[in-house]
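Below you'll find the structure, written out as structure tokens, and then a few comments.
The values are calculated or read from the model by the stated rules, or taken from the named source; none is laboratory data. For clarity, every value in this text was computed on a predicted model and none was experimentally measured. Quick reminder, even Gly has a Cβ in these numbers, built from the backbone with ideal geometry, and neighbours come from all protein chains shown. Ligands, DNA and RNA are excluded from the accessible area calculation, which covers all protein heavy atoms including side chains. Shrake-Rupley method; radii C 1.70, N 1.55, O 1.52, S 1.80 Å.
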Amino acid sequence: QVQLVESGGGLVQPGGSLRLSCAASGSIDRIYAMGWYRQAPGKQRELVARISPGGRTAYADSVKGRFTISRDNAKNTVYLQMNSLKPEDTAVYYCNADISLREYWGQGTQVTVSS
């Protein structure tokens, strides 16, 4: 069994910062791409950022220059540093990973940006 466990969500004021973490555990052979998605109420889940095992990154246009994805391969962990947060960033954020050629999702962590 493989699990992805997220942490770091919460309530933050506009302009603030949060750092999300997602740790993979269990029977892991190899982790390929890892990423973060988000889903706001009434909207479809969307890609926020992804990172390859070698560190190549891709971002949604809406978060470029504000969010940074990184990973620690030794710890099987992916991070999302979110700066200059806006109310429209409010959503449930989900970790995603390709592990041993299967796709896994975390349970989601709520991020709320509000004054």
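A compact table of results
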{"read-out": "Residue satisfying all of: in the stretch 85-108; more than 15 Å from Ala49 (Cβ to Cβ) and of a type in the set (Ser, Thr, Tyr); farthest from the chain's Cα centre (by Cα) among these", "value": "Ser100"}
{"read-out": "Residue match in the stretch 42-62 (condition: part of a helix (DSSP H, G or I), among the small types (Gly, Ala, Ser) and at pLDDT below 95)", "value": "no"}
{"read-out": "Count - residues of the stretch 71-114 that are open to solvent by 10 Å² or more (accessible area, probe 1.4 Å) and not in a loop (DSSP other than H, G, I, E, B)", "value": "20"}
{"read-out": "Residue that is farthest from Ala74 (Cα to Cα), among those in the stretch 1-41 that are among the basic types (Lys, Arg) and modelled with pLDDT of 95 or more", "value": "Arg38"}
{"read-out": "Yes/no for Pro41 being touching a residue at least 60 places away in the same chain (Cβ under 8 Å), open to solvent by 40 Å² or more (accessible area, probe 1.4 Å) and over 14 Å from the mean Cα position of the chain (by Cα)", "value": "no"}
{"read-out": "Sole exception among (1) buried (at least 17 other Cβ atoms within 10 Å of the Cβ); (2) farther than 10 Å from Cys95 by Cα for Met34, by number", "value": "(2)"}
{"read-out": "Every pair of residues 6+ apart whose Cβ atoms lie under 8 Å, when the first sits in the stretch 52-66 and is under 22 Å from Tyr32 (Cβ atoms) and surrounded by fewer than 13 Cβ atoms within 10 Å (Cβ to Cβ) while the second is at pLDDT 95 or above and of a type in the set (D, E, K, R)", "value": "Gly55/Arg71"}
